[in-house]
1. Once you charge only the Cβ atoms, +1 for Lys and Arg and -1 for Asp and Glu, what is the size of the charge dipole of the range 502-597 about its Cα centre, to the nearest 20 debye?
2. On full extension of the chain, what length is gained from Arg202 through Ser59, given 0.36 nm per residue of separation minus the C-alpha to C-alpha distance?
3. Among Met535, Met522, which comes first, second and so on when ranked by fewest other beta-carbon atoms within 10 Å?
4. To make sure I understand, if each residue's beta carbon is the centre and we count other beta carbons within 10 Å, what order do Trp110, Trp149 fall in, fewest to most?
5. Could you please rank Thr89, Thr367, placing first whichever residue has the fewest other Cβ atoms within 10 Å of its Cβ?
6. What is the distance, in nm, between label points placed 7 Å from the Cα along the Cα-to-Cβ direction at Glu477 and at Gln327?
7. Expected output is a single nm value to one decimal: the length gained when fully extending between Glu50 and Gln92, i.e. 0.36 nm times separation in residues minus the C-alpha distance. What is it?
8. Take the cross-link list Lys245/Lys547; Lys245/Lys439; Lys515/Lys547 and give me the ones stretching past 26 Å between alpha-carbons.
Amino acid sequence: MQQEFSRRSLLAGMGVGASMLAMPAWAQGHSMHGGGHGRGGPLIPAGFDEVRGQVIDLSIGSGHRVVQGRRGPGVAVNGSVPGPLIRLTEGQEVRLNVTNTLDVDSSVHWHGLLLPFQYDGVPGISFPGIKPGETFTYRFPIRQSGTYWYHSHSGLQEQSGHYGPMIIEPAGGEPIVVDRDYILLLSDFTTLDPHFIMKRLRTGEGYFNRQQNTWTDDYAMSAEERRMWGQMRMMPTDIADIGGKTYTFLANGRGPDEGMEYLFNPGERIRLRIINGGAMTFFNVRIPGLPMTVIATDGQMVRPVEVDELQIGTAETYDVILEPGTQPAYSIVAESMDRSGMALATLASAPGLRAAVPALRDPPLLTMADMGMNHGDGGMDHGGMDHGSMDHSAAPEGDRESSQSMSMQGMKMRDPSLLPPDVAIGPGIDMVSMAPVDKMGDPGLGLRDVEHRVLNYRMLVARDARAQSPEPTRLLELHLTGNMERYMWSFDGRMYSAVSDVPIRFAWNERVRVKLVNNTMMAHPIHLHGLFFEMVNGQPAALQPRKNTMIVQPGASAQFDLTANEPGDWAFHCHLLYHMHGGMMQTVTVMGPEAAS
């Protein structure tokens, strides 16, 4: 049976069964591996083939995966993890026939693509999902170029391998001349069913954070610090919800010991398209001995900027240019942000050659600035180093205790009076940042004190100046809120429910500035479907870089401008899979042009 839906037929079908249709796939109470899927079934290989053309057929199936001897559940597209590279050309019309062979609903979301909303692939927002045994046809024109990816938006299937890369070639040919063009798709593998992971996070959010048990061995706390962390029911090692004891970190589906390599000849120019397809992992990417020149992010070109390391949040993409020298091999190191493990690949001048692999660096620790306590520095960013984010663990014990005590005087970690009146105060909020400031110049946790050059958002400049956009006519402030202990995540204290949800509404062609205030002590990669926004990062308005996913640092704020010119209903959420599943999601509705007439 084949499905095709228009906006009219979708809305017409939301009568008798509206409550189930509007309910997110993850809220419908079943495991994606029910009925024999999961650890059984065929072995799913790592790596991917390539598909292209006007008509592309994709099939979603299940089986099991074995990574470095560890066996776990798998959901594959066309039989592999990652799914096939989809190569398209700007200006073409594509028809993607997606068949679901699972025994539960599935979907495909085309991350970062501009398309009619009914083909965006989010069950309960833009279409009902793909039922078992059915085929859904996505049909839309390709209106952009660059590096993108696709993944499931159903039942936590993304965690088990339902993702793949996508390259869209410019209509006039690729202006970037390179000798080789490679994809590095980073992700995280687990032997556990993702629904089990979610259950454990809800019953004890520190269940998968094995670093917190011994962190005091290397970090002597004062009595004031112990009181502060106890008050928040957190530990300074709460960098990632799930670490390397549970995850194996992958490069194109392969573990760090499984030999992922890219060949080169000395003197060649290489384009490496880095995609973070992880469920929950921020990666810090570097190639010891070889700088990277960033030329694009989220598929959008930026002015070249040379760095030695960059942090890539979940769902972000970066294109970098590499020019290997005379070394026979280079290690591509993608260290998890909590430094509990790494994905690894090799640039090799001959098959089998390997370079030295650096040891994992010491885990970072959360600081006063990550609690939004920046009142001492006025919120100023100094060349990417926020002085309020300095790690006091390097200071002598007495100085550190004094510094922390001064920061804590007269402060409460849960003061709802600091929040706007429209934020829903309740059990979903267990912390409120004291004085969040813009941290676009923050390179990310663990990278604030390294000696080499690290990318931050202030360094990104759009390659091509845009026509002058009108000034935003209003400011929309949204607070990222959560309760770590109960593992509840939300916008403005309201957890997502598609049935009763009141969407964020934008008028047709409205120009809006959105300010995101992170009241939690975790970094959140926030993704907007269906539209690009321009990050407010200190660049002139015409040169603000365009993105669709942006990291908001702990205890910080970040802003972007958007023009609401893509009509329909769009998902807006944290791209950490279990944060989205835990409620940090909203619906954005852009009214069509007919509403403005």
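1. Computed charge dipole of the range 502-597: roughly 240 debye.
2. 48.2 nm
3. Listing Met535, Met522 from fewest to most nearby Cβ atoms yields Met535, Met522.
4. With the sparsest Cβ surroundings first, the list reads Trp110, Trp149.
5. Numbers: Thr89 15, Thr367 23.
Fewest to most other Cβ atoms nearby, the residues stand as Thr89, Thr367.
6. Here the modelled spin labels are 4.7 nm apart.
7. Result: 13.4 nm gained on full extension.
8. Exceeds cut-off: Lys245/Lys547; Lys245/Lys439.
Readers should treat all values here as calculations from the given coordinates under stated rules, not as data from a laboratory. Given the structure is predicted, the values throughout are model-derived calculations rather than measurements. Every residue, glycine as well, gets a Cβ built from its backbone with ideal geometry; the counts of neighbours run over all protein chains shown.
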